[in-house]
Amino acid sequence: MHDDCPSHWYLCVIDFKHFDIQILDSLRSKSWDEFRFKSVKIVVEFCQMFFKLYDIGKDVFQFSIDWAPSIPTQDNGWDCGVHVIKHMQRFNNGDSMMVSDLCNSVKLRREIASDLVLHEGNREKQTIIAIVCTKTSTRAMKKLLL
């Protein structure tokens, strides 16, 4: 989910297995909590309309909505997207995120970029690797990979 002002990304997970909705926000603040909670409720209402329209048979209005407990917070104003991506990856695997997972945002950005480039579904993978290899020295390439 995205707030326009201030520009900030956070994650809303509708968990059909546990019948709850979690808000994962790496930059929570009392002044924005109410607005973000209301935004999540709007998304839930839209989902419920969609389910009803397509006769899916889910009732997300019965799900509890709450802030995810003990998630890492960002220490700057620009890493919220990195946090959201890592939360999605961890949630998809059924893992929870630890504070230590987000200590090095530069490393995390490299991991995310590597995952995207090296993914088996990336039809441009060979082209990107070739460009990087021709434009990067061996020393710089080793630093980039570590």
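Things to note:
- Selection count, region 33-54, where residues are touching a residue at least 24 places away in the same chain (Cβ under 8 Å), open to solvent by 70 Å² or more (accessible area, probe 1.4 Å) and of a type in the set (A, V, I, L, M, F, W, C): 1
- Pairs linking a residue in region 1-27 that is in contact (Cβ under 8 Å) with a residue 12 or more places away in the chain and within 17 Å of residue 38 (Cβ to Cβ) to a residue that is open to solvent by less than 20 Å² (accessible area, probe 1.4 Å) and of a type in the set (Asp, Glu), with Cβ atoms under 6 Å and 6 or more positions apart or on different chains, are 10/25.
- Exclusive hit being in contact with a helix residue (DSSP H, G or I) (Cβ under 9 Å, 6 or more places away or on another chain), at pLDDT below 85 and of a type in the set (Asp, Glu), set 115, 75: 75
The values are calculated or read from the model by the stated rules, or taken from the named source; none is laboratory data. Keep in mind it's a predicted model, so treat the numbers as computed, not measured. All Cβ positions, glycine included, derive from the backbone under ideal geometry; neighbour counts span all protein chains shown. The protein model used for the area step is the full one, side chains on, heavy atoms only, and it has no ligands, DNA or RNA in it. Shrake-Rupley method; radii C 1.70, N 1.55, O 1.52, S 1.80 Å.
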